[in-house]
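Down below is the structure, laid out as structure tokens.
The values are calculated or read from the model by the stated rules, or taken from the named source; none is laboratory data. Nothing here was measured: the structure is a model prediction, and the numbers come from that model. Note: ideal-geometry Cβ built from the backbone for every residue, glycine included; neighbour counts use all protein chains shown. With ligands, DNA and RNA removed, areas are computed over all heavy atoms of the protein, side chains included. Shrake-Rupley method; radii C 1.70, N 1.55, O 1.52, S 1.80 Å.
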Amino acid sequence: MKQILNNILNANTWLFLELVIITVVAWAVFEPAIVNLYYRNLPLGYDSDQLLYAVTAVNGEPTVDEDGTLHDAFEMTEERRDQMLRQLMAVEGVESACLYDQPYGSMGYSHAAFNECCAGGDTLLLANVTLTTDAYFFETYGLKPLPGSPSDEELSHIKTVDRQVVLTRSGAIALFGTEDVVGRHFTICYDPAYEVTVAGVVEDFRMSVPTTIRSMIITTKELQTTSCQYVIRLKKGVNASRFVEEHGNDLIRSGRTGFNRISRLMTFDEYLQQLELDDGRTQEVNRSLALALFFLVNLMLAVIGTVWLHAKRRTEECGVRRAFGATRRRVFFNFLWRNVLLTTAAVIIGCIIYLNYAHSGIQEYDGGEYYETLYTIQGAMLSIDKTWVDFFWPHFLVVSVIVYIIILCTVLIGTAIPAVKIIGTRITNALRDE
């Protein structure tokens, strides 16, 4: 095998060197696109396809409660919130709705806040999602409670005064080492620190697209002075995009209360895309994908052209082989396996070259490691939240395998096209070819 490989390399030195260089460049170009596509295709943990996002505006009119209490135009009250929720849920096709604001239930918000949580002497940072009591939060998002936990309706009614919280599965495991933690206590190291009780545990979800953080604590807060938005869950079978097109204007016209009104309605997926756009993530993702596509097209043209030229030079050799009894099938696969070996050797050398560069960028901090030369989006706070992207060797090997597959497929296409034409040539014509 070693002698065969040496013969192949000697006959195709320039092609081998070209493939080595292409591997190094391909690694740098394809890595951001691969990582971005991976994050884009991770499940959010809730059914965003059935959700709408309603942007509201404050009417600017003070109101007086039945007991005579005066509320200014920007003060959210339970009465004002419930009035809008009732109005939204009365719309045909709407199953549930909940109050949404950046501090409240910020599922799509990309900048996570964290709480220091202490259990059993260990202190961990858990991403924090806050919501208001009685806001139909869990039902609207469709977060699934684990067995042994209260229902989603009950979890939506936990009280701030009772100091109850909800954990995600990963958050419970990170704190206690198990997901069976309902009724257990731990301390939130705030100023001052206070003890809370786990009211329930729900399945993992992600707060936004560019993150793998799943270890979370969901806490409640009282209503505060704020302008608010609403998340709306549609009934099964109702298409969110079609609902916005057909009923959006009617809902905007009818969605008025004495406090606020709906000014814009969109699907929740559109809202998540808008968040990415505002954070600059959309441009970064589109740039990486466009660059990868541009490089892939040029890679195919360059490699196919070079491989085609090398294959054409072997026309006479193929004629000789066929004159001595070799079948067309055997000659065709001889073309392929020689270039498969050549490509494999070139990609291995190219990846080793890039490995030396990537490994030089490992930086240590607080007992951990940061891979400066590998592309990442947002690191996880806990090892339980990490994926292959966050570890050096899995990251390097996964990208290397994908780069190998892309280059190998390109070379095989570039080999197969001229090979088919060459083996179809008459033996006498092939022997005369120079």
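Yes or no, residue by residue, for (1) more than 30 Å from Ala127 (Cα to Cα); (2) in contact with a helix residue (DSSP H, G or I) (Cβ under 8 Å, 6 or more places away or on another chain); (3) at pLDDT below 85; (4) surrounded by 13 or more Cβ atoms within 10 Å (Cβ to Cβ):
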residue	(1), (2), (3), (4)
Arg314	yes, yes, yes, yes
Arg321	yes, yes, yes, yes
Phe332	yes, yes, yes, yes
Arg338	yes, yes, yes, yes
Gly350	yes, yes, no, yes
Tyr357	yes, no, no, no
Ile377	no, yes, yes, yes
Val398	no, yes, no, yes
Ile402	yes, yes, no, yes
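Based on what the data block shows, is Ala135 under 28 Å from the mean Cα position of the chain (by Cα) and modelled with pLDDT of 85 or more? In short, no. If I filter the range 209-233 down to residues being closer than 22 Å to Ala57 by Cα and open to solvent by less than 20 Å² (accessible area, probe 1.4 Å), which single residue comes out as modelled with the lowest pLDDT? So, considering only residues that are closer than 22 Å to Ala57 by Cα and open to solvent by less than 20 Å² (accessible area, probe 1.4 Å), the one modelled with the lowest pLDDT is Cys228.
Tallying residues that are among the small types (Gly, Ala, Ser) and surrounded by fewer than 22 Cβ atoms within 10 Å (Cβ to Cβ) within the range 150-164 yields 1. Taking the listed residues Arg184, Arg261, Arg206, Arg242, the one that is of a type in the set (D, E, K, R) and closer than 23 Å to Met76 by Cβ is Arg261, with no other qualifying. Taking the criterion of being of a type outside the set (Phe, Trp, Tyr) and in a loop (DSSP other than H, G, I, E, B), the residues of the range 237-293 that qualify are Gly237, Val238, Asn239, Gly255, Thr257, Gly258, Asp279, Gly280. For the range 37-48, the set of residues classified as in contact with a Lys or Arg (Cβ under 9 Å, 6 or more places away or on another chain) and of a type outside the set (Ser, Thr, Tyr) consists of Leu42, Pro43, Leu44, Gly45, Asp47, listed by residue number. Cβ separations smaller than 6 Å between residues 6+ apart or across chains give the following pairs from the range 172-193 residues that are closer than 10 Å to Thr123 by Cα to residues that are small (Gly, Ala, Ser) and open to solvent by 40 Å² or more (accessible area, probe 1.4 Å): Thr187/Ala193.
Within the option set Val94, Val25, being open to solvent by less than 40 Å² (accessible area, probe 1.4 Å), within 30 Å of the chain's Cα centre (by Cα) and modelled with pLDDT of 80 or more holds for one residue only, Val94.
Which count do you get for residues in the range 138-154 that are free of Cβ contacts under 8 Å to residues at least 60 places away in the same chain and more than 22 Å from the chain's Cα centre (by Cα)? The number of residues fulfilling the criteria is 10.
Remark: pairs (first residue in the range 273-301, under 30 Å from Ile413 (Cβ atoms) and open to solvent by less than 60 Å² (accessible area, probe 1.4 Å); second residue aromatic (Phe, Trp, Tyr) and assigned to a helix (DSSP H, G or I); Cβ separation under 6 Å; 6+ apart in sequence or on different chains) = Ala292/Phe30.
Counting only residues that are surrounded by 21 or more Cβ atoms within 10 Å (Cβ to Cβ), β-branched (Val, Ile, Thr) and over 20 Å from Asp134 (Cα atoms), the range 165-208 holds 1 of them.
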